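A short worksheet on the structure shown next.
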Amino acid sequence: MEKANLLPVPREFKYNNKDRTGYSYEAEISCNVEEWESSINAFYQYVERSCGLKLKNGNKGIRILREKELDEDAYRIECNNTVNIYASSKEGLNYALSTVLQLIQTKDDKILFPDITVYDKPDSSYRALLVDLARQWHPYEYLYKYVDLCYLYKINRLQFHFTDDQSYTLPSDTYPFLPTENRHYTKEQIRDLVEYANDRGVVLVPEVEVPGHCAQFNMKYPEIFGNNGIICAEEKTFQALEKLFGEVCEMFPYSPYIHMGGDEAAITNWRNCPGCRQYMNDRGLKFIDDLYTDFVARVTDIIFKHGRTPVVWEGFSKKGNDKISKDVIVIAWESYYQNPKDLVEAGFTVVNASWKPLYIVAPSTSWLPEEILAWSKYKWQHWWEKSMAYPDGIDVGKVDNVIGGMVCAWGDVLAGYDSGDKAAKEEFEFIRARIPALAVKTWDEDSDMDSKDFYESYEKLDALLERILVNANN
């Protein structure tokens with residue numbers, strides 16, 4: 001493929017002239033597909049924020065056309081008298097517009113665009129970023145920065161870890177004391193963020209962590225959720241969680257996914273809960289591990305009832321695999337609770353969030369972008385000797401049910417910062433340098449891009465991102 005400063009690199013790309021020159025077009029855009037209007041309006045904003053050019057309606061610049069034969073996540077670009085974009089869905093359109101945004105230049109109030117032909121679609125359906133909003137407060141405007149970052153690099157899933165021991169950052173009418181005072185977002189803020197992300201094709205994945213990481217539940221409603229350092233497993237608790245997850249689903253109407261957490265739970269504390277012991281007896285559960293599997297199965301069933309796909313961390317043991325629906329998506333991260341090979345062989349849909357090289361614990365731990373470029377979504381690695389992925393890694397081979405990868409930015413160290421703004425700013429610098437590498441490897445799993453080419457493109461595109469962010473409120 002001919003070289004271009006694009007991340008991720010399109011599947012097929014060529015310049016139509018030897019000197020790679022482009023042409024000047026009117027600053028106009030046209031589209032006759034009404035349901036794509038919100039995506040086009042978002043693109044208007046990005047062009048103005050990145051280069052100051054205001055696009056107008058018209059058919060002498062960029063023309064957007066529906067081509068039903070294309071896959072939903074595919075697009076084409078052809079240039080002749082106009083820049084022609086072809087897609088069959090809003091998803092493919094947003095990817096095309098992201099590519100155009102990376103290439104577009106301006107001169108004398110006109111569009112400058114290279115004479116190119118592009119066909120493109122991703123290998124992985126799940127290309128994700130997680131941001132921990134609970135351990136350290138993130139000012140609201142940073143949530144929009146993450147959406148903009150994802151849009152530019154075609155990252156299509158943005159998971160927000162809204163709850164943990166330190167705070168519960170979602171609003172709640174059902175349990176009004178649950179949101180942490182002065183550290184939660186309002187319903188109006190969530191609503192506006194959801195619309196902003198949806199217009200840009202970025203699916204928000206809300207995470208409400210249960211049964212562990214639950215100090216807020218224990219402190220605010222111990223009579224419902226218990227006070228033993230874990231959410232109790234009783235019928236009244238599952239009834240409460242059904243209401244709570246129903247509320248979360250209402251706040252995120254476009255997301256097909258709801259993440260229930262499900263890792264690092266102090267499950268032995270259930271032995272100190274009389275109601276939990278009675279629940280085990282009633283359900284015929286002999287061991288605490290069985291209760292944990294039952295808990296995960298119950299909560300995922302709640303999410304299914306609301307018409308969503310549950311997402312859960314790799315936190316249950318292999319012996320529980322046959323008790324949990326194979327329609328659940330499992331984020332495999334540590335290779336400690338079970339081997340990702342076992343998850344794959346059991347038939348789960350798996351997303352790779354390998355600690356190495358996809359974890360960021362700013363500012364103490366992170367892996368370089370070139371380490372992500374050397375990673376594969378089929379391989380797990382870890383630095384921790386108790387992990388099954390230590391020291392040589394685990395390779396599951398090319399299988400269809402590993403559907404992508406996720407960079408995870410955790411706030412364990414940032415939680416100690418006095419300023420949420422300082423923490424969020426510092427964390428964002430780590431994330432913005434690594435997400436482009438994840439985009440490269442999840443868009444094209446066979447990419448052999450070297451670090452020299454990566455950084456050459458990254459420097460150009462990061463400058464573009466900076467203009468978009470700086471001019472966000474202009």
- Note on the structure: If we ask which residues in the stretch 19-65 are of a type in the set (Gly, Ala, Ser), within 24 Å of LEU465 (Cα to Cα) and assigned to a strand (DSSP E or B), their number turns out to be 2
- Query: If you check ASP392 against the conditions, is it closer than 27 Å to THR163 by Cβ and charged (D, E, K, R)?
  - Reply: no
- Query: Under 9 Å by Cβ, and 6 or more places apart or on different chains, what pairs join a residue from the stretch 39-60 that is free of Cβ contacts under 8 Å to residues at least 40 places away in the same chain and assigned by TED's automatic domain parsing to the domain that holds ILE111 with one that is among the basic types (Lys, Arg) and surrounded by fewer than 20 Cβ atoms within 10 Å (Cβ to Cβ)?
  - Reply: TYR44/LYS54
- Task: Please find, among ASN5, ASN80, ASN16, the residue that is surrounded by fewer than 20 Cβ atoms within 10 Å (Cβ to Cβ), without any contact (Cβ under 8 Å) to a residue 24 or more places away in the chain and outside the structural domain of TYR458 (by TED's automatic domain parsing).
- Result: ASN80
- Pairs where the first residue, in the stretch 420-432, is over 15 Å from LEU465 (Cβ atoms) and the second is assigned to a helix (DSSP H, G or I) and among the aromatic types (Phe, Trp, Tyr), C-beta under 8 Å, 6+ apart: ALA424/TYR142
- Item | Verdict on VAL147 being in the same structural domain as ILE435 (by TED's automatic domain parsing), farther than 21 Å from ALA433 by Cα, aliphatic (A, V, I, L, M) and not in a loop (DSSP other than H, G, I, E, B) | no
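When you scan the stretch 206-216, do you find a residue that is under 18 Å from the mean Cα position of the chain (by Cα) and over 30 Å from GLN45 (Cβ atoms), even just one?
yes
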- Task: Examine the stretch 33-44 for a residue that is of a type in the set (Val, Ile, Thr), touching a Pro at 6+ places or on another chain (Cβ under 8 Å) and surrounded by fewer than 19 Cβ atoms within 10 Å (Cβ to Cβ), and state whether such a residue exists.
- Result: no
- Message: Would you confirm whether or not the stretch 180-198 contains a residue that is closer than 23 Å to THR237 by Cβ and in contact with a strand residue (DSSP E or B) (Cβ under 6 Å, 6 or more places away or on another chain)?
- Response: yes
- Only one of these conditions is not met by ASP290: (1) within 28 Å of the chain's Cα centre (by Cα); (2) among the charged types (D, E, K, R); (3) closer than 22 Å to LYS326 by Cα. Which number is it? (1)
- Residues of the stretch 70-88 satisfying the condition of being in a loop (DSSP other than H, G, I, E, B) and either touching a helix residue (DSSP H, G or I) at 6+ places or on another chain (Cβ under 9 Å) or farther than 14 Å from ASP120 by Cα (or both): LEU70, ASP71, GLU72, ASP73, ALA74, ASN80, ASN81, THR82
- Kindly provide the set of residues from the stretch 197-215 that are in a helix (DSSP H, G or I), under 24 Å from ILE331 (Cα atoms) and either touching a helix residue (DSSP H, G or I) at 6+ places or on another chain (Cβ under 6 Å) or of a type in the set (Val, Ile, Thr) (or both), ordered by number. ALA197
- Message: Taking the criterion of being out of contact with any helix residue (DSSP H, G or I) (no Cβ under 9 Å at 6 or more places or on another chain), touching a residue at least 40 places away in the same chain (Cβ under 8 Å) and in a helix (DSSP H, G or I), would at least one residue in the stretch 445-462 satisfy it?
- Response: yes
- Message: Condition first: surrounded by 19 or more Cβ atoms within 10 Å (Cβ to Cβ) and under 20 Å from SER419 (Cα atoms). Can you find one or more residues in the stretch 189-199 that meet it?
- Response: no
- Does the stretch 216-243 hold any residues that are out of contact with any helix residue (DSSP H, G or I) (no Cβ under 9 Å at 6 or more places or on another chain) and among the aliphatic types (A, V, I, L, M), and which are they? MET219
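The values are calculated or read from the model by the stated rules, or taken from the named source; none is laboratory data. Worth saying up front: this structure is predicted, and the values here are computed from it rather than measured. Quick reminder, even Gly has a Cβ in these numbers, built from the backbone with ideal geometry, and neighbours come from all protein chains shown.
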